[in-house]
Amino acid sequence: KAGVTQTPRYLIKTRGQQVTLSCSPISGHRSVSWYQQTPGQGLQFLFEYFSETQRNKGNFPGRFSGRQFSNSRSEMNVSTLELGDSALYLCASSWTENYGYTFGSGTRLTVV
Amino acid sequence: DAKTTQPPSMDCAEGRAANLPCNHSTISGNEYVYWYRQIHSQGPQYIIHGLKNNETNEMASLIITEDRKSSTLILPHATLRDTAVYYCIVRGNSGGSNYKLTFGKGTLLTVNP
């Protein structure tokens, strides 16, 4: 079966711009989570959605937002990009939170 | 913050068993132990999880001590492709902050030929 699909794979943006990243979970998975990975901070939780509702949010500024659609696909948006937002953004999906999460390959965002 | 302690790195010879330890002395009764690994530049991969009984799947075995304060992930016959960072994570399975994985720094396992 198809895995978690994240688009685009690579992205270069300029400071001050905004960006939208997309995640298509495994068919049937209703829980979608987003993580940021940087060399300095490692993997950090951004937010988790289940049936279009955000159930938990990590310690990130309000510039980071997300949403989930009725088909479980999810997007995350980062506004007013900063150099420090350069990172690998990972999406993970699961049938419910009680199961292991399947991660996508990520979107590599570079802010210049 | 992560509630687990893992050695930063370990080596293993190809074909031998890799035993990766994890301490989670503050684990509570309803919290599970999860293991993920991340091969360079890829997303983390779920390996196995357990509550208090030992678990085995096609990838690995998980041994949890009786007091649940520590666990060991066992890769029975390590291959070069098992070289990765292995994360031990403790989390509950219902409600609130359980809807996330808190990653620590993990253990870099290097399998040598």
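Summed over the stretch A:29-58, the residues that are in a loop (DSSP other than H, G, I, E, B), in contact with a strand residue (DSSP E or B) (Cβ under 7 Å, 6 or more places away or on another chain) and not basic (K, R) give a count of 3.
In summary, B:P44 fulfils each of the numbered conditions (1) over 23 Å from A:G104 (Cα atoms); (2) crowded, with 17+ Cβ neighbours inside 10 Å with the single exception of condition (1). Among residues of the stretch A:6-58 being among the hydroxyl-bearing types (S, T, Y) and either within 11 Å of another protein chain (Cβ to nearest Cβ) or surrounded by 18 or more Cβ atoms within 10 Å (Cβ to Cβ) (or both), the one that is farthest from the chain's Cα centre (by Cα) is A:T53.
Out of curiosity, is A:I26 within 28 Å of B:K105 (Cα to Cα), assigned to a loop (DSSP other than H, G, I, E, B) and not polar (S, T, N, Q)? Here the answer is yes, as A:I26 does meet what is asked. Name the single residue, out of those in the stretch A:95-112 being out of contact with any Gly (no Cβ under 7 Å at 6 or more places or on another chain) and assigned to a strand (DSSP E or B), that is farthest from the other protein chains (Cβ to nearest Cβ). Out of the qualifying residues, it is A:V111.
Of the residues in the stretch B:60-78, not one is surrounded by 17 or more Cβ atoms within 10 Å (Cβ to Cβ), within 14 Å of chain A (Cβ to nearest Cβ), farther than 11 Å from B:L20 by Cβ and not hydroxyl-bearing (S, T, Y). Looking only at residues of the stretch A:59-94 that are within 13 Å of chain B (Cβ to nearest Cβ) and assigned to a loop (DSSP other than H, G, I, E, B), we find that the one that is farthest from B:Y34 (Cα to Cα) is A:F60.
Here, each number is a calculation from the coordinates, and none is a lab measurement. Predicted model, so just to flag it, every value in this text is computed and none were measured. Using ideal geometry, Cβ is built from the backbone for each residue, glycine included, and neighbour counts are taken over all protein chains shown.
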